[in-house]
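**Student:** So that we are looking at the same thing, I have put the structure below in structure tokens.
Just so you know, all these numbers are worked out from the coordinates, no wet-lab data involved. Everything numeric here is computed off the predicted structure, so don't read it as measured data. Backbone-built Cβ (ideal geometry, glycine too); neighbour counts: all protein chains shown.
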Amino acid sequence: MKKEILDEKVVGIEENFRRASWKIKLKGREILGDFDITPPQFNALYTLYKNENLTIGELSTKMYLACSTVTDLLDRMERNELVVRVKDEKDRRVVRIKVLQKGSDVIEGVLENRRNYIAETLEGLSDDMIDSVFEVMKMLNEKMDL
């Protein structure tokens, strides 16, 4: 493929990814409103849901946020009974964050709603097109992880 054509396609791919990402982000924020959780709280809760028993320091590293910011998020999430701080059994100086059932329910509910939104968006596409979208997204994510 000629460089000019490739450059044009790369511009189009980037623009379409950015637009789709923005639309999904907006829909995601709308969904979060139904669950009474802010986007930063959801991100923290999701990170904890996927990585059990993190410390505040580990969570702040994964989220690229200051420990004080994460502490504030956790304070609000703990008041809303989404998470609880638990002393480590092996080292009582270490405090780990545990997702409570209500927190798991919020994550699962939000993800279900987001997946429904994606499913609605894909309605009308052939099975082959949906398979292609899936395979391309999977391949791109794998390449980006390298």
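**Student:** Set Lys and Arg Cβ to +1 and Asp and Glu Cβ to -1, take the dipole of segment 74-122 about its Cα centre, and tell me which of GLY103, LEU122, VAL83 lies farthest positive.
**Tutor:** VAL83
**Student:** Taking only complete DSSP H runs, can you tell me which helices of the chain stretch 30 Å or more along their own long axis by Cα positions and average at least 1.0 on the Kyte-Doolittle scale?
**Tutor:** Sorted by number, there is nothing, because no helix extends far enough and scores high enough.
**Student:** FRET efficiency for GLU123 and ASP72, Cβ-Cβ distance as r, R0 = 35 Å, nearest 0.05?
**Tutor:** Rounded to the nearest 0.05, the efficiency is 0.30.
**Student:** Using helices alone, what [θ] at 222 nm do you get for the chain, with -39,500 (n - 2.57) per DSSP H run of 4 or more residues, divided over all residues and rounded to the nearest 500?
**Tutor:** Estimated from H runs of four or more residues: -24500 deg cm²/dmol.
**Student:** Name the long-range amide H neighbours of ARG96: under 5 Å, sequence gap of 5 or more, or other chain; modelled H, no Pro or chain starts.
**Tutor:** Answer set, sorted by chain and number: VAL86, LYS87, ASP88.
**Student:** How big is the dipole moment of the chain about its Cα centre under a simple scheme where the beta carbon of each Lys and Arg is +1, that of each Asp and Glu is -1, and everything else is neutral? Debye, nearest 20, please. Don't skip to the end; give the middle numbers.
**Tutor:** Numbers: 25 positive and 28 negative charges, 140 e Å.
I would put it at about 680 debye.
**Student:** Right, another one. For the ranges 45-56, 26-37, 111-122, what's the packing order if you count other beta-carbon atoms within 10 Å of each residue, average per peptide, and put the highest first? Don't jump to the answer; show the numbers that get you there.
**Tutor:** On the way: 45-56: 17.0, 26-37: 14.0, 111-122: 12.4.
Peptide ranking by packing, descending: 45-56, 26-37, 111-122.
**Student:** Please work out how much length the chain gains when fully extended from ASN53 to GLU15, using 0.36 nm per residue of separation minus the C-alpha to C-alpha distance, in nm with one decimal.
**Tutor:** Answer, rounded to one decimal: 9.9 nm.
**Student:** Over 18 Å between Cα atoms: which of LYS62/LYS90; LYS50/LYS102; LYS50/LYS98 fall into that group?
**Tutor:** On the way: LYS62/LYS90 23 Å; LYS50/LYS102 15 Å; LYS50/LYS98 11 Å.
In this structure, LYS62/LYS90 lie more than 18 Å apart at Cα.
**Student:** Further question on the same structure: Per residue, how big is the convex hull around the C-alpha atoms of segment 19-146? Give it to me in cubic angstrom, could you?
**Tutor:** That works out to 139 Å³ per residue.
**Student:** For GLU112 and VAL136 in the same chain, what is the full-extension length gain: residue separation times 0.36 nm, less their Cα-Cα distance, in nm?
**Tutor:** Result: 6.4 nm gained on full extension.
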